[in-house]
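Right, one structure below, let's go through it.
Taken together, the values in this text are just the output of simple stated rules run on the coordinates, not laboratory data. All values derive from a computational prediction rather than experimental measurement. FYI the Cβ positions are ideal-geometry reconstructions off the backbone, even for glycines, and counts take in every protein chain you see.
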Amino acid sequence: MLRHRFIICLAAVTFTSGVVDVAWTAELYSETPGVEGNGDFTIGPEYTIDPGLTDRGHPKGKQFEFSMRLADSKIFRGDDSTLDPQKEIRKERKIFVYVPAAYKDGTRAPILVTHDGPNRLDLVRNALDNLTISEDPNRKLPAFIVIAVQNGGNDSYGSERGLEYDTMSDRLARFINDEVLPAVLDNKDIKSAYPNIAFTDNPWGRATMGCSSGGAAALTMGWFRPDLFRRLITYSGTFVDQQDDDAPEERTYPLGAWEYHSSMKLIETSPKKPLRIFTHVSENDNRANDPEDTYHNWVMANKRTAAALKAKGYDYRFVYSRESRHCDKRVFEQTLADTLVWTWRGYHAD
């Protein structure tokens, strides 16, 4: 078993000319996740649902829902100059919160932030209900609180969703940390049920998950802000060139998320970051209209991303699913329990 020792970075952050200046304070945190479950895996073409993702009658937690107006945001107001006026933008985004039955009010909970609203939240809820009380130490989850954040609307180039998810910057991580998490903690219904609810500041206690552009967003949140999020889950990740051509980030990352594994090869050429990363791609995930359009080849992009993670020595897990589609529900139903368990390996509470 490998022993990893990390420093938790509790940071005061300022921004000057787009550069993040971090004034560090620190406390020592260590964990021993080992390498079990790391590596490349192929599944399919037949799929079954993991019993851990079904309703097995265990005690349920509490779910909450509220909305945040885009106009009230300081980060994603829905008025960026890169947005296509023909693509609709939501006035409000819904936030869904699930607090598992195993959570004890007053403790500093780990969290999982998921993209695209309640997508797959039913499976995550069942995993928490079943696996937080598991007596098998190798099949157990911490009592993390799930925060499912709806995107700002529409998709791809010129959309608010594309701006939030496909842009190579720390904006989404800051939006979640600075605006969404405080809104959850201040919500009157949540505070009524859990008067002393709190989230951990330990970045190893903060995970994020998404599919498609939401998957790219999960990696980007950790890549640009590992001081905030370090456990990353990406299904059918959009590690292709889907960043707006007129985005300011094009000057630094001209091919968007394609730069992670090709062209600039960010993963291989950057100093190794304190991240634990799950990735997945489906056999039929190539969504390019033109098969010769290399920069939009989902399968190639995800395989190269996994290879880059392996070459750099990351704790990573890559699943290739045969005879499956983009963000295929069957893949989630078979793998998500194992994915969550692997993602949280080694974590212990503050």
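One table, with the values for the structure above:
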item	result
DSSP beta bridge pairing in the chain, given as percent antiparallel to the nearest 5	45 percent
Sorted peptide list for 310-318, 48-56, 108-116, criterion being average Cβ within 10 angstrom, highest first	108-116, 310-318, 48-56
Potential lengthening between Lys91 and Ala349 on full extension [0.36 nm per residue; Cα-Cα distance subtracted]	89.2 nm
Kirkwood Rh, angstrom, the chain [1 / mean 1/r, Cα pairs]	20.4 Å
Computed E for Tyr295/Arg77 - FRET, C-beta separation, R0 35 angstrom, nearest 0.05	0.75
